[in-house]
Amino acid sequence: MDAIVAPFGGCNLRCRGCYYAGDLQGESAGPQRLNAIVSQLKALDVYHVFPAGKGEPFHDERGRRALFAVACRNPQMFFTVYSNGTNITEQDLNKLKAHPNVLPIISIDGPQPINDWRRGAGLYEKVIGLMGCVHARGMFFGFISTVFNQNLDAVVEMGFIEQMAGLGCQVGYYSLFVAPRRF
């Protein structure tokens, strides 16, 4: 079975239309709290965890410590981690490489003009650069695109999918945008 948990509380971006905008100043769960959650999931025969939803896993040191401590403590479990990719450091890449049970999924919402319109100027190039670094290390990773009116055609266009594959993404996800308010 799979489970989605939301252990991360903060984010460095203010993406246009963010579902959690205004509620992203919280603190990430620490290693002890996240391990307690994962232990409960394991008791329910859940072995694939999506630490997703609210917050960025690499936003703060507490979130990083929790993620890697739980992955290390539970090598038989698989963690698919969604990230905006802007705070992943060389040290994080080393740890991700050492923990093959953590699959990084990098957010990108289409070509540069669309991605930067939603996420912020310059973020497309930063994410593309990160994907190159991850691929150069021989790591398994993927992308996720939040689908909304302004990017629907672009993210399902074969050129975009081929670009992601060319950058080394082995898996891709699409997430339907659900807006609590207009953007």
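The values are calculated or read from the model by the stated rules, or taken from the named source; none is laboratory data. All values derive from a computational prediction rather than experimental measurement. Every residue, glycine among them, receives a Cβ derived from its backbone with ideal geometry; neighbour counts consider all protein chains shown.
Worth pointing out:
- Scan of the range 91-118 for residues that are touching a helix residue (DSSP H, G or I) at 6+ places or on another chain (Cβ under 7 Å) and among the charged types (D, E, K, R), ordered by number: 92, 95, 109, 116
- Test: residue 73 is of a type in the set (D, E, K, R), surrounded by fewer than 22 Cβ atoms within 10 Å (Cβ to Cβ), over 15 Å from the mean Cα position of the chain (by Cα) and more than 26 Å from residue 1 (Cβ to Cβ): no
- The single condition among (1) buried (at least 19 other Cβ atoms within 10 Å of the Cβ); (2) of a type in the set (A, V, I, L, M); (3) over 25 Å from residue 89 (Cα atoms) that residue 156 does not meet is (1).
- Candidates 56, 90: the one that is buried (at least 23 other Cβ atoms within 10 Å of the Cβ) and either within 15 Å of the chain's Cα centre (by Cα) or closer than 19 Å to residue 138 by Cβ (or both) is 56.
- The lone criterion from (1) assigned to a helix (DSSP H, G or I); (2) crowded, with 16+ Cβ neighbours inside 10 Å left unmet by residue 145 is number (1).
Each row is one residue, and each column tells you yes or no for (1) in contact with a helix residue (DSSP H, G or I) (Cβ under 9 Å, 6 or more places away or on another chain); (2) assigned to a loop (DSSP other than H, G, I, E, B); (3) surrounded by fewer than 20 Cβ atoms within 10 Å (Cβ to Cβ); (4) at pLDDT 85 or above.
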residue: 4; (1), (2), (3), (4): no, no, yes, yes
residue: 12; (1), (2), (3), (4): no, yes, yes, no
residue: 16; (1), (2), (3), (4): yes, yes, yes, no
residue: 20; (1), (2), (3), (4): no, yes, yes, no
residue: 28; (1), (2), (3), (4): yes, yes, no, no
residue: 38; (1), (2), (3), (4): yes, no, no, yes
residue: 49; (1), (2), (3), (4): yes, no, no, yes
residue: 64; (1), (2), (3), (4): yes, no, no, yes
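- Criterion: assigned to a loop (DSSP other than H, G, I, E, B) and aliphatic (A, V, I, L, M) - qualifying residue of 71, 121: 121
- Residue match in the range 121-141 (condition: in contact with a Lys or Arg (Cβ under 8 Å, 6 or more places away or on another chain) and under 23 Å from residue 14 (Cα atoms)): no
- Looking across 114, 105, one residue alone is outside any helix (DSSP H, G or I) and within 23 Å of residue 174 (Cβ to Cβ). It is 105.
- Sub-7 Å Cβ pairs linking a first residue in the range 92-121 that is in contact (Cβ under 8 Å) with a residue 40 or more places away in the chain to a second residue that is in a helix (DSSP H, G or I) and small (Gly, Ala, Ser), at least 6 apart or interchain, are 110/154; 111/154; 114/154, ordered by first then second residue.
- Pair list, Cβ under 7 Å, 6 or more apart: the range 156-183 residue over 15 Å from residue 145 (Cβ atoms), other residue aromatic (Phe, Trp, Tyr) and modelled with pLDDT under 95: 180/19
- Residues considered: 172, 85, 138. Of these, the only one that is buried (at least 19 other Cβ atoms within 10 Å of the Cβ) and not in a helix (DSSP H, G or I) is 85.
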